[in-house]
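Bear in mind these aren't lab numbers, they're just calculated from the coordinates by the rules spelled out. Note that the structure is a prediction, hence the values are computed from the model and not measured. So basically every Cβ, Gly included, is an ideal-geometry build from the backbone, and we count neighbours across all protein chains shown.
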Amino acid sequence: MRLKMAVLLAGITCGASATQYPLDSSDALMFGDIETITTFAEDTLPDLARRYSLGYEEIQRAMDGGPTDQEMERGVAQAEAQFVYQLQTVGGFGGKSDQLNAYNMFLGEPGYFAADLARYLDATPDTVKAAAARLRLDQRVILSVVPQGRLDLALPDSLPVSVS
């Protein structure tokens, strides 16, 4: 199963990244592929959401039949590689110290690395299907990230929020 995580920046060009945070439940599964989408100034967020489904169809497919063995193998390999990649630097952004701090901050257990990795290595098509079954596709949040002062690019009926 390929879950799409998309950062849609309408009308601008800039870099984006994603960070993994540990979950406090051993039965919580989250993994997938990162997909880069190139947008153009005339693209609107609703158009992009419809064009790329933003994960809706993939979650529905996981609910119906679960991922294939090949998709599971690829997803687990990507998760394992990401875990190793996160530990390649000692400090800075995303290094060992950040990972230990994230485990300590979110779980109160800085040594949670092995248990966190095991969640991915132990995943099966059935556990992914069970996790997807707990989701409600009729309730979701769509986030508009637009340049300051360009509220016209946001999704209709969006509520402005300032982050400091």
Log entry, pairs with first residue in segment 136-164 being farther than 15 Å from Ala49 by Cα, second being surrounded by 10 or more Cβ atoms within 10 Å (Cβ to Cβ), beta carbons closer than 7 Å, six or more apart or on different chains, reads Pro147/Ile12; Pro160/Leu151
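Out of curiosity, is Tyr103 in contact with an Asp or Glu (Cβ under 8 Å, 6 or more places away or on another chain) and either part of a helix (DSSP H, G or I) or over 27 Å from Leu135 (Cβ atoms) (or both)? Spell out how you get there, then give the answer.
Details: in contact with an Asp or Glu (Cβ under 8 Å, 6 or more places away or on another chain): yes; either part of a helix (DSSP H, G or I) or over 27 Å from Leu135 (Cβ atoms) (or both): yes.
In short, yes.
This table checks each residue for (1) in a helix (DSSP H, G or I); (2) surrounded by 15 or more Cβ atoms within 10 Å (Cβ to Cβ).
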residue	(1), (2)
Tyr56	yes, no
Ala62	yes, yes
Gln70	yes, no
Arg74	yes, yes
Ala79	yes, yes
Tyr85	yes, no
Val90	no, no
In segment 114-132, is there at least one residue being out of contact with any helix residue (DSSP H, G or I) (no Cβ under 8 Å at 6 or more places or on another chain), in contact (Cβ under 8 Å) with a residue 12 or more places away in the chain, surrounded by 13 or more Cβ atoms within 10 Å (Cβ to Cβ) and farther than 25 Å from Glu73 by Cβ?
-> no
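Give the residue that is surrounded by the fewest Cβ atoms within 10 Å (Cβ to Cβ), with candidates limited to residues of segment 133-153 that are among the aliphatic types (A, V, I, L, M) and under 21 Å from the mean Cα position of the chain (by Cα).
Kept after step one, since they are among the aliphatic types (A, V, I, L, M), are these residues of segment 133-153: 133, 135, 137, 141-143, 145-146, 151, 153.
Filter once more, so that each one left must be under 21 Å from the mean Cα position of the chain (by Cα): 133, 135, 137, 141-143, 145-146.
On the way: Ala133: 11, Leu135: 13, Leu137: 12, Val141: 4, Ile142: 11, Leu143: 11, Val145: 13, Val146: 19.
Ranking the candidates gives Val141 first.
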State yes or no: is Pro156 surrounded by fewer than 16 Cβ atoms within 10 Å (Cβ to Cβ) and assigned to a loop (DSSP other than H, G, I, E, B)?
-> yes
